[in-house]
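I have placed the structure first, in the form of structure tokens, so that the comments after it can refer back to it.
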Amino acid sequence: MNATSPEAAPGRIVLLTTSHRVAPGLLSWPAWQALHAADRVLCADGAHPQLPYLREAGIAVDEAAPTAEQLIDACGGGRTVVVVATGEGEPALTDGLARLAGSGRVSMPDLELLPASYDLPGARLLDLVQVMDRIRVECPWSSQQTHKGLAKYGIEEAYELVEAIEDGDRDELREELGDVLLQVVFHARIAEEDPESPFSLDDVAGGIVTKLIHRHPHVFGDETATTPEEVKEHWLRTKATEKQRESVTDGVPLGQPGLALAAKLASRVRTAGLEVPLPTGDGLGYELLAMAVRAEAAGVDPEAALRVAARTYRDAVRAAEGVSPQ
């Protein structure tokens, strides 16, 4: 059998993909090896963010958008051609190569997809920040919103998230988490424009990272915790040191629903080891207070318990009306 001549060797095509969520120039070592070893490097986008860094590294990049046939010809004689993919991923080129490969009439080069940079977990948050930046600038409604104007939506989205959790609907849960996340990103974007004390989403994230590390000394420090109760003890102790509060009731939002407020106050009192008799008085409010405190002591969320009962009541109403249950 005759060996294939160098002129007839099909060569190699490397499709190099990068993530716009990773800083340009931060490529994997296999990617740099492929780029330096290539006989030719092509890119259809002359404004591709990677190009300045490739050229700075001494790699000659030709701005070209060859067809599948032209690219195969460029690989003749055993040459290696690296194609730096654009953001769209070169679908026309890859479809053309697939068509030629399926025809069986063309001696195809070796084809390799080489990811040069990878998204880290959470990288899609960068997309959200970019989308929010554009909406804030270009959308007539979003550009006029304030923290106070958005406050009601934060409450609504939080309740819709709770409902999705209680319904056990995974698709709805994912969507509602996104809606809650949007509120965080939207408020942080608005905060960037404050003339006196601006802050960004990075500041928000940095603050909660610092808080989490400080309040988990059993994870990031030398403390030990083997039970949820010990973890909660660490949390409350470090939180008390941070806040330097005068009362265990400090920091409890009084605007939350009544049953939740009563349970939160009862939790603070019980955790602090205080003996505080419940106030007495006329009216259902004091009875509801006592019930909420009893529920908290029994480990029951009174708000959640009431919602379950209320939904059962709603179903009974619909049944009485002859309406199918939701």
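Could you please give the count of residues in the stretch 66-93 that are under 30 Å from the mean Cα position of the chain (by Cα) and either aliphatic (A, V, I, L, M) or farther than 17 Å from residue 49 by Cβ (or both)?
Total meeting the criteria: 3.
Picking from 189, 174, which residue would you name as being more than 30 Å from residue 271 (Cβ to Cβ) and in contact with an Asp or Glu (Cβ under 8 Å, 6 or more places away or on another chain)?
After ruling out the rest, the residue left standing is 189.
Tally time: how many residues in the stretch 287-326 are part of a loop (DSSP other than H, G, I, E, B) and under 20 Å from residue 258 (Cβ atoms)?
So the count comes out to 4.
Grab the helices (runs of 4 or more DSSP H) fully contained in the stretch 162-253, keeping just those with 2 or more residues being open to solvent by less than 50 Å² (accessible area, probe 1.4 Å) and either modelled with pLDDT of 95 or more or touching a strand residue (DSSP E or B) at 6+ places or on another chain (Cβ under 8 Å) (or both).
170-191, 201-214
With respect to residue 122, is the statement that it is assigned to a loop (DSSP other than H, G, I, E, B), open to solvent by 30 Å² or more (accessible area, probe 1.4 Å) and within 24 Å of residue 33 (Cα to Cα) true?
no
Need at least 2 residues that are open to solvent by less than 30 Å² (accessible area, probe 1.4 Å), touching a residue at least 40 places away in the same chain (Cβ under 8 Å) and among the aliphatic types (A, V, I, L, M) per element, so show me which strands (runs of 3 or more DSSP E) inside the stretch 10-66 make the cut, counting only ones lying wholly within it.
12-17, 40-43
Of all residues in the stretch 92-118, how many are open to solvent by 70 Å² or more (accessible area, probe 1.4 Å) and either of a type in the set (A, V, I, L, M, F, W, C) or within 23 Å of residue 18 (Cβ to Cβ) (or both)?
The qualifying residues number 6.
Might you check whether a residue that is assigned to a loop (DSSP other than H, G, I, E, B), out of contact with any strand residue (DSSP E or B) (no Cβ under 8 Å at 6 or more places or on another chain), modelled with pLDDT of 90 or more and farther than 24 Å from residue 229 by Cα occurs anywhere in the stretch 260-277?
Looking for residues that are assigned to a loop (DSSP other than H, G, I, E, B), out of contact with any strand residue (DSSP E or B) (no Cβ under 8 Å at 6 or more places or on another chain), modelled with pLDDT of 90 or more and farther than 24 Å from residue 229 by Cα, one finds at least one in the stretch 260-277, hence yes.
Has the stretch 300-307 got at least one residue that is among the basic types (Lys, Arg), touching a residue at least 60 places away in the same chain (Cβ under 8 Å) and either at negative phi or open to solvent by 90 Å² or more (accessible area, probe 1.4 Å) (or both)?
Yes.
So which pairs qualify, if the first residue must be in the stretch 259-281 and under 19 Å from residue 233 (Cα atoms), the second must be of a type outside the set (Gly, Ala, Ser) and open to solvent by 40 Å² or more (accessible area, probe 1.4 Å), the Cβ gap must be under 6 Å, and the two must be at least 6 apart or on different chains?
From the stretch 259-281, the pairs are 268/248; 269/276; 272/248.
Within the stretch 266-299, can you find the residues that are of a type in the set (Asp, Glu) and surrounded by 15 or more Cβ atoms within 10 Å (Cβ to Cβ)?
Listed by number, the list holds a single entry, 296.
Of the residues that sit in the stretch 233-255 and are touching a residue at least 12 places away in the same chain (Cβ under 8 Å) and charged (D, E, K, R), which one is nearest to residue 268 (Cα to Cα)?
My answer is 239.
The values are calculated or read from the model by the stated rules, or taken from the named source; none is laboratory data. Only a predicted model underlies this, so the values are computations on that prediction, with no experimental measurement involved. Here Cβ is always computed from backbone atoms with ideal geometry, including for glycine, and neighbour counts include all displayed protein chains. Accessible surface is based on the protein model in full, side chains and every heavy atom, while ligands, DNA and RNA are left aside. Shrake-Rupley method; radii C 1.70, N 1.55, O 1.52, S 1.80 Å.
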